[in-house]
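Beneath this line is the structure, given in structure tokens, with notes to follow.
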């Protein structure tokens, strides 16, 4: 992924240098286990631990002739191991014992970063939701004014979506935090299962219970699927903010620096570019999730068709999702909320959004529902066309109204039910 959409903590887990360091870590742990078993001489371990993590350039130099990255890595690593003890490195192992166990460790650490960023986003959404729980605004269905709600309610909806994503991410972390060191076709033909238990235990990984030669790829598909759903939820946040920032609405504004410039031609422009960015990035994460589903089915005990996909999909999807979630948190935290504009928009349609209140009052007063609906609908249509207040057009139809029927607070009398649910769900201390 290009640096523009990467944060250092996630990016640094997926560099070639980090990958080879992780491979060395697995090889050293495997050698420690082999020494405990007495399979390799004890004096070899000190030399193996003294080997240097090879540079990407040196591995690439070996790979040009070998056409095999793992063998190139082993050649580059073992050339730095003294006294010929390099021959004991990778003893009894096959390539993906190394690759997939190291990958499980990297994915687990990546998931930890995702969980941290996503938890922060949820926390900010909850805090700002409570801050604006009583900030009344208009709700919209199909993009059209519906009834009054509050901006806090809007943010609470988004917080709940992020919370569900955290549940999926935790499950996905469990799924991918797995390794296998079981030999060429997963039968432990040349390696004791103790080596696998030792290495995975030290790395905080579970063991693939029935290995082939690789870790099952449905595990990785689960993670990228969870990232895709999270990314879509963050896209919903960005989309809501984009719609609320339109000139005609202008209810919120994403944070800007004092030196902000929105257009090279039009100095007045204040565009929702950060919100647009997090929406656009969701398209990439969904695409990588789809690619991961294609990787689940491998030939027999394994093939290598998944490898080129994973080299791109894993680092890109994780760095994008991490950036996207972190950016969304930054936007929500610094978001300017124009409560006055929200109140003005409530009144923009001359009372039309109170039509449901009038309808129910007529029904409660004894009028047939269909007749009541048609009267209010006709008055609302006339109001929209003439820019007259709904109370005036209703009077033309013989319906008298009262001022309290046009009070948004009448719609929010039970709003605290939702607040109490949110406080319980997120264990909010009041």
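The values are calculated or read from the model by the stated rules, or taken from the named source; none is laboratory data. None of the values given here were measured: they were computed from a predicted structure. Cβ placement follows ideal geometry from the backbone for every residue including glycine, while neighbour counts extend to all protein chains displayed.
Taking the residues in the stretch 247-283 that are free of Cβ contacts under 8 Å to residues at least 40 places away in the same chain and within 21 Å of residue 233 (Cα to Cα) as candidates, determine which candidate is surrounded by the most Cβ atoms within 10 Å (Cβ to Cβ).
Of all residues in the stretch 247-283, those free of Cβ contacts under 8 Å to residues at least 40 places away in the same chain come to 247-248, 256-273, 276, 280, 283.
The next check asks that each one be within 21 Å of residue 233 (Cα to Cα); those that pass are 272-273, 276, 280, 283.
On the way: 272: 21, 273: 13, 276: 16, 280: 13, 283: 12.
Within the stretch 247-283, the match that is surrounded by the most Cβ atoms within 10 Å (Cβ to Cβ) is 272.
Table: residues versus (1) farther than 17 Å from residue 98 by Cα; (2) surrounded by fewer than 18 Cβ atoms within 10 Å (Cβ to Cβ).
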position	(1), (2)
11	yes, no
16	no, yes
31	no, no
42	yes, yes
59	no, no
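Filter the stretch 125-143 down to the residues that are within 20 Å of residue 329 (Cα to Cα) and free of Cβ contacts under 8 Å to residues at least 40 places away in the same chain, then identify the one that is surrounded by the most Cβ atoms within 10 Å (Cβ to Cβ). Quick ask: steps written out before the conclusion?
We begin by selecting, within the stretch 125-143, every residue within 20 Å of residue 329 (Cα to Cα); these are 125-133.
Narrowing the set further to residues that are free of Cβ contacts under 8 Å to residues at least 40 places away in the same chain leaves 127, 131.
Working: 127: 16, 131: 13.
Ranking the candidates gives 127 first.
Within the stretch 64-90, can you find the residues that are out of contact with any helix residue (DSSP H, G or I) (no Cβ under 7 Å at 6 or more places or on another chain) and buried (at least 20 other Cβ atoms within 10 Å of the Cβ)?
74
In the stretch 160-174, is there at least one residue being surrounded by 23 or more Cβ atoms within 10 Å (Cβ to Cβ), within 20 Å of residue 335 (Cα to Cα) and over 25 Å from the mean Cα position of the chain (by Cα)?
no
Would you mind telling me which numbered condition in (1) at pLDDT below 95; (2) in the same structural domain as residue 277 (by TED's automatic domain parsing) residue 357 fails?
Going through (1) at pLDDT below 95; (2) in the same structural domain as residue 277 (by TED's automatic domain parsing) one by one, residue 357 breaks only (2).
Go through (1) assigned to a helix (DSSP H, G or I); (2) over 34 Å from the mean Cα position of the chain (by Cα); (3) within 22 Å of residue 106 (Cα to Cα) and name the single condition residue 62 misses.
(3)
Among the residues of the stretch 389-410 satisfying the criterion of being part of a loop (DSSP other than H, G, I, E, B) and out of contact with any helix residue (DSSP H, G or I) (no Cβ under 7 Å at 6 or more places or on another chain), which is farthest from residue 372 (Cα to Cα)? So that I can check it myself, show each step before the final result.
From the stretch 389-410, those part of a loop (DSSP other than H, G, I, E, B) are 389, 397-402, 407; that's our starting set.
Now narrow it down to the ones that are out of contact with any helix residue (DSSP H, G or I) (no Cβ under 7 Å at 6 or more places or on another chain): 398, 400, 402, 407.
Values: 398: 11, 400: 13, 402: 17, 407: 20 Å.
Among residues in the stretch 389-410 that are part of a loop (DSSP other than H, G, I, E, B) and out of contact with any helix residue (DSSP H, G or I) (no Cβ under 7 Å at 6 or more places or on another chain), the one farthest from residue 372 (Cα to Cα) is 407.
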